[in-house]
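Novice: Sharing a structure below in C-alpha cells format, with a few things to ask.
The values are calculated or read from the model by the stated rules, or taken from the named source; none is laboratory data. Computed from a predicted model, the values in this text were never measured in an experiment. Cβ atoms come from the backbone with ideal geometry, glycine included; neighbour counts cover every protein chain shown. Surface accessibility is based on the protein's heavy atoms, side chains included, excluding ligands, DNA and RNA. Shrake-Rupley method; radii C 1.70, N 1.55, O 1.52, S 1.80 Å.
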Amino acid sequence: MNSTLKSPTSQQARRLWLFGLFLLLILALFLLSLALGSVSIPLKDIWGVLIGREGVRESWVYIVQNSRLPRVLTAALAGIALSASGLQMQTMFRNPLADPFILGINSGASLGVAIAILGSGFVGGLFLPALSLRGEFSLVLAASVGAGLVLALILLVGRWVQTPTTLLILGLMFGHATSAVVSLLVYFSAPERIQAYSIWSFGSFSGVNWTQLNVMALVILAGVGLMALLPKGLNALLLGEDYARTMGLNVGLLRFIVLLSASVLSGAVTAFCGPIGFIGVAVPHIARNLFKTSNHKILIPAIILIGAAVSMAASLIAQLPGSQLVLPINVVTSLFGAPFVVWVVLKRKRGATSFSV
Amino acid sequence: MPPVLQASRLKIGYKNGGKTPKVVADQLNLQLRAGEFVCLVGPNGVGKSTLLRTLTGLQPKLAGEIQLSGRKLDAYHSRDLANQVSVVLTSPISVGALRVDELAAMGRFPFTGLFDRMSEHDWEVVHETLRVVGVDKLSQRYVHTLSDGERQKVMIARALAQEPRLLVLDEPTAYLDLPGRVVVMNLLHDLASGHDKAVLTSTHDLELALRHADRIWLMDDEGLISQGAPEDLVLNGSFAQTFNRAGVLFDPLSGTFDTQNSGSKSVFLEGQGSELIWTKRALHRAGFVVNEEWIPGSPRVCVRPQEGATTWQLEHAGQTSAFASIYDLLQSLPK
C-alpha cells in the first residue's frame, strides 16, 4: 500500500512550492498575454506602457491599454469566479460533476440575452441596434437580469427545500425549461440574429471595457470574499448537512451564503463574458489533485491561483498569437482542457479517489 | 445531577406536509445517564433512526419533551448543543482527500472561530481522541485509504473530539466484519464506563448488544420501547416476543438467534464439551431433533474426544461407522 504519507511538513513545503509556482505562472501569462496577439510587442515596451513611460509607439499603447490589458484581467477574474463557484457547487452537492451553472444561472442569463437579441426581432428593436454585440451594455444588462432572476429564485427555493439534491434537480429542470424557450426563440428568428446569439454563447473575454471591468471586478470580489468566509462550513459540508448541523453550524445560513456566492460569481461571468464552460468543473479537480487535499482551507487559495492561470492560458491560446484569427473561448477551454484533465485523472494512483470531491 | 438525556411522553415521526403527521412512536419515556452504554435494538423499519435523529435534534419531535443535562433540547443554541451531543451517522462518508487528523479535527468546529484556527489545546484533544479510539498511528493517512473499520473509528474519534456528554451512533457496525464489530462495541462500552460519556447506539448486532450494553432499549414494530439490562429483557421474554417473527427464534439459553426448526427426524446424541455443543448445532441445522433418550430405530451419534483427533461414531440401521469430522458425519446421516 502506498497510503503512508510524507510528513506534514514536507507536504506543507510542497504546497508552498506549488503556490509559488502558480504565482510565477500567472505573472508569465500576464506578460505574454500583453505581448502576444495579432501583433507582437516587445516585453520592454509592455513594461513601458504599464508604468506609463513616454516614447512607446502610440498604436501599441492603445492595443495594450484598451484591448489586451482589459482582456487578460477579464480572463483572470472570470477564471477565479468560475472556479470558486464550481468548487462550492461540487462541495455543496457532493457531486464531482457539479459546475457553476448547475443551478441554471447561465440558463437564466442565456434566456435574457436570447430575448434581447432574438426577441427584439419580434418586439421591434427593444434593445438593439446591437448586432455588432460583444460588450454591448444591453446584453450585459439582459444577461444580468436573467441571471439575477434565477439567483433570486434559487435563494427563495433554497430556504424551504429539504436537501441539496432536491435543489439540484430543480436547477436542472429549470435549465431544461429555459433552454426550451431559447430554442423556441431561435427557431422563429432570422439567421443573422441567430448568429449573433450563438456568437454570444461561444463566450469571450474580449470587449469588456474598463467601466464594465470595474463592475465585474467588484461583483467577483464580493463573491470571492463571501467564499473566503466559508472554509470551515465547506469542510463540514464534505460530511453532509446533517453532520454540519450536529457540529453547531447554521446550515441554513451556510447554504444561503454558498448559493449566493456561487450564483453571483457565475452570474457575473456569464453576464460579461457569456456562458464559459469547463473551467468551473475542471479547476477544482486540478486543485484537489495537485494539492492532494479536499480541505477548503487550502483549496480556496489554490483554485483562485489555478483558476486565474488556466483562464489566462485559455485566453492567450484563443488569440492564436501571430494570426488575425480569434477562437471562441469555449472551444479552447474544452479542446485543450479535456485532454489535460483526462491525463490528470488517469495518472493518479488507483485508490486516490479525490474525484469523489 | 440530572440524567444526560431524558425524554418524557415523546412522540416521534414525520411531518407530512399539511396532512396528518406519520407517527412512528408515542409516549416514550427514556433516560440515559453518564457512564451508561445503551443499545437501541429492534427489527428493521421500526423507527430506530427516527428516534435517534429526534433525540439529537436533527429532526423535530412531534410532541412531548426532550431534556439534555436538565435543559430543554429546543432551548439550546446549535453550538451549545454541539457541546452536548455528537453523532456518528449511518451513511458511509466520502470526504475525498482528507487526512485522518484533519477529519477528526472537524470535531473541534464548535470550539473554533469562523476561520477554524485550531489552538494547541484543540490539537491535543484531537490527538488524545485518536489515541483513545486506537487510530493514532493512522493520523497522517488519507481517510479514503482506510478500511471500513478504521474509518468508523476515525468517525468516532471525530465525534469524541467534540467532547460531548452524549455520543449517539446510528448503526456504527453496519459495514464492518465481525472482528471490527466486536472492537467497535468494546470501544463504545469503554467510552461510557471509562470516560463517563453517555453512549447511545442503534445496532442490528443483537448478540453483541446483549454482551456489551449496560442497558437495552428494545423497540418493537408498534413503537413501544422496553428498557432494561440485556439479561432482564432476555429473562422476561421481551426479546423473544419482539423478534419471534416467522422463522426466527431467540434462544434464551444461549442468547443466540436461530432459524425455526421444522425438522421431525430425531437423533440421539451423547458426548461432552464443546464438541457436543457444536455437533448439536450441526444436527439441528441438518433438520434433526436431538433427543435426550434413544428412540429405537433412530440414528445414534456418539462424540468421542481423543488426544488430537475426535471421532464421531454413528450407529444406524444395525451399522456402525466412524467419522473424522462433523462434515463427514452429516453426509452419512439419513436424509
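Novice: Regarding residue B:79, is this residue farther than 30 Å from residue B:47 by Cβ and at pLDDT below 95?
Specialist: No.
Novice: Name, by its number, the condition in (1) within 7 Å of chain A (Cβ to nearest Cβ); (2) in contact with a Leu (Cβ under 7 Å, 6 or more places away or on another chain); (3) under 18 Å from residue A:242 (Cβ atoms) that does not hold for residue B:58.
Specialist: Residue B:58 satisfies all of (1) within 7 Å of chain A (Cβ to nearest Cβ); (2) in contact with a Leu (Cβ under 7 Å, 6 or more places away or on another chain); (3) under 18 Å from residue A:242 (Cβ atoms) except (2).
Novice: Anything in the stretch A:306-340 that is in contact (Cβ under 8 Å) with a residue 60 or more places away in the chain, in a loop (DSSP other than H, G, I, E, B) and among the hydrophobic types (A, V, I, L, M, F, W, C)? List them, or say none.
Specialist: Once the filter is applied, which keeps residues that are in contact (Cβ under 8 Å) with a residue 60 or more places away in the chain, in a loop (DSSP other than H, G, I, E, B) and among the hydrophobic types (A, V, I, L, M, F, W, C), the stretch A:306-340 yields only A:326.
Novice: Hey, residue B:123 hits all of (1) facing chain A (nearest Cβ under 8 Å); (2) within 18 Å of residue A:9 (Cα to Cα) but one; which does it fall short on?
Specialist: (1)
Novice: Take the stretch B:149-188 and flag every residue that is part of a helix (DSSP H, G or I), among the charged types (D, E, K, R), touching a residue at least 24 places away in the same chain (Cβ under 8 Å) and within 14 Å of another protein chain (Cβ to nearest Cβ).
Specialist: Within the stretch B:149-188, B:151, B:158 meet the criteria.
Novice: Report, ordered by the first and then the second residue, all pairs with beta carbons closer than 7 Å, sequence separation of six or more or different chains, a first member in the stretch B:40-53 that is buried (at least 18 other Cβ atoms within 10 Å of the Cβ), and a second member that is aromatic (Phe, Trp, Tyr).
Specialist: Here the result reads B:40/B:217, each pair linking the stretch B:40-53 to a residue that is aromatic (Phe, Trp, Tyr).
Novice: Of all residues in the stretch B:307-335, which are of a type outside the set (Ser, Thr, Tyr) and either surrounded by 12 or more Cβ atoms within 10 Å (Cβ to Cβ) or under 26 Å from residue B:254 (Cα atoms) (or both)?
Specialist: If the condition is that a residue be of a type outside the set (Ser, Thr, Tyr) and either surrounded by 12 or more Cβ atoms within 10 Å (Cβ to Cβ) or under 26 Å from residue B:254 (Cα atoms) (or both), then B:312, B:313, B:314, B:315, B:316, B:322, B:323, B:326, B:328, B:329, B:330, B:333 are the ones that fit.
Novice: Kindly indicate which of A:171, A:146 is open to solvent by less than 80 Å² (accessible area, probe 1.4 Å) and closer than 23 Å to residue A:90 by Cβ.
Specialist: Within the list A:171, A:146, the selection yields A:171.
Novice: When you go through (1) within 30 Å of residue B:73 (Cα to Cα); (2) open to solvent by less than 10 Å² (accessible area, probe 1.4 Å); (3) modelled with pLDDT under 85 one by one for residue A:164, which number turns out not to apply?
Specialist: That leaves (2) as the condition not met.
Novice: Quick test for you: out of A:322, A:307, pick the one residue that is surrounded by fewer than 24 Cβ atoms within 10 Å (Cβ to Cβ), in contact with a Gly (Cβ under 9 Å, 6 or more places away or on another chain) and either away from chain B (no Cβ under 13 Å) or modelled with pLDDT of 95 or more (or both).
Specialist: A:322
Novice: From the list A:236, A:268, which residue is more than 9 Å from chain B (Cβ to nearest Cβ) and crowded, with 22+ Cβ neighbours inside 10 Å?
Specialist: Within the list A:236, A:268, the selection yields A:268.
Novice: Just checking: which of the helices (runs of 4 or more DSSP H) contained wholly in the stretch A:39-120 hold 1 or more residues that are at pLDDT 85 or above and of a type in the set (Lys, Arg)?
Specialist: Hits in the stretch A:39-120: A:43-51, A:69-92.
Novice: Here's something else I'd like to know. Scanning for something in a helix (DSSP H, G or I) and either in contact (Cβ under 8 Å) with a residue 24 or more places away in the chain or among the hydrophobic types (A, V, I, L, M, F, W, C) (or both), does the stretch B:219-228 turn up at least one residue? Break it down into steps so the answer makes sense when it comes.
Specialist: Quick first cut of the stretch B:219-228, residues in a helix (DSSP H, G or I) only: none.
No: the stretch B:219-228 contains no residue that is in a helix (DSSP H, G or I) and either in contact (Cβ under 8 Å) with a residue 24 or more places away in the chain or among the hydrophobic types (A, V, I, L, M, F, W, C) (or both).
Novice: A further question on this structure: Go through the stretch B:59-79 and give me each residue that's surrounded by 15 or more Cβ atoms within 10 Å (Cβ to Cβ) and more than 29 Å from residue B:239 (Cα to Cα).
Specialist: B:69, B:73, B:76, B:78
Novice: Still on this model: Being of a type outside the set (A, V, I, L, M, F, W, C), over 30 Å from residue B:164 (Cβ atoms) and assigned to a loop (DSSP other than H, G, I, E, B) is the filter here; which residues of the stretch A:247-282 pass it?
Specialist: Let us first name the residues in the stretch A:247-282 that are of a type outside the set (A, V, I, L, M, F, W, C), namely A:248, A:250, A:252, A:255, A:261, A:263, A:266-267, A:270, A:274-275, A:277, A:280.
Still in the running and over 30 Å from residue B:164 (Cβ atoms): A:261, A:263, A:266-267, A:270, A:274-275, A:277, A:280.
Within the stretch A:247-282, A:274, A:275, A:277 qualify.
Novice: While we're here: Take residue B:129 and tell me if it is crowded, with 21+ Cβ neighbours inside 10 Å and either among the hydroxyl-bearing types (Ser, Thr, Tyr) or at positive phi (or both).
Specialist: When the stated conditions are applied, residue B:129 passes them.
Novice: Now for a separate question. Taking residue A:185 and the conditions (1) closer than 26 Å to residue A:80 by Cβ; (2) crowded, with 19+ Cβ neighbours inside 10 Å, which numbered condition does it fall short on, given that it satisfies the others?
Specialist: The single condition residue A:185 does not satisfy is (1).
Novice: Hey, among the residues in the stretch B:144-162 that are within 17 Å of the chain's Cα centre (by Cα) and farther than 17 Å from residue A:238 by Cα, which one's surrounded by the fewest Cβ atoms within 10 Å (Cβ to Cβ)?
Specialist: For the stretch B:144-162, the residue satisfying everything is B:148.
Novice: Assess whether residue B:105 counts as being facing another protein chain (nearest Cβ under 10 Å) and within 27 Å of the chain's Cα centre (by Cα).
Specialist: yes
Novice: Tell me which residues, restricted to the stretch A:156-205, are without any contact (Cβ under 8 Å) to a residue 40 or more places away in the chain and among the hydroxyl-bearing types (Ser, Thr, Tyr).
Specialist: A:166, A:183, A:187, A:198
Novice: Can you tell me which residue is farthest from the other protein chains (Cβ to nearest Cβ) among those in the stretch B:67-96 that are of a type in the set (A, V, I, L, M, F, W, C) and free of Cβ contacts under 8 Å to residues at least 40 places away in the same chain?
Specialist: Once the filter is applied, the top-ranked residue is B:75.
Novice: So, one more: Go through the stretch A:18-35 and count every residue that is over 22 Å from the mean Cα position of the chain (by Cα) and surrounded by 17 or more Cβ atoms within 10 Å (Cβ to Cβ).
Specialist: 1
Novice: Where residues in the stretch A:291-304 are open to solvent by 10 Å² or more (accessible area, probe 1.4 Å) and part of a helix (DSSP H, G or I), which of them is farthest from the other protein chains (Cβ to nearest Cβ)?
Specialist: To start, the set of residues in the stretch A:291-304 that are open to solvent by 10 Å² or more (accessible area, probe 1.4 Å) comprises A:292, A:295, A:297-298, A:300-301, A:304.
From what's left, part of a helix (DSSP H, G or I): A:297-298, A:300-301, A:304.
Numbers: A:297: 7, A:298: 10, A:300: 11, A:301: 13, A:304: 16 Å.
Only one residue tops the list, namely A:304.
Novice: Now a separate question. Select from the stretch A:160-206 the residues that are in a loop (DSSP other than H, G, I, E, B) and of a type outside the set (A, V, I, L, M) and list them in ascending order.
Specialist: A:162, A:163, A:188, A:189, A:203, A:204, A:205, A:206
Novice: Quick test of your reading of the structure: residue B:64 fulfils all but one of (1) within 14 Å of chain A (Cβ to nearest Cβ); (2) more than 18 Å from residue B:188 (Cβ to Cβ); (3) not basic (Lys, Arg). Name the failing condition by number.
Specialist: It is condition (1) that residue B:64 fails.
Novice: Just a yes or no: is a residue in the stretch A:217-232 in contact with an Asp or Glu (Cβ under 9 Å, 6 or more places away or on another chain) and facing another protein chain (nearest Cβ under 9 Å)?
Specialist: As a first pass, look at the stretch A:217-232 and keep what is in contact with an Asp or Glu (Cβ under 9 Å, 6 or more places away or on another chain): A:231-232.
Those left that are additionally facing another protein chain (nearest Cβ under 9 Å): A:231-232.
Among the residues of the stretch A:217-232, at least one is in contact with an Asp or Glu (Cβ under 9 Å, 6 or more places away or on another chain) and facing another protein chain (nearest Cβ under 9 Å), which makes the answer yes.
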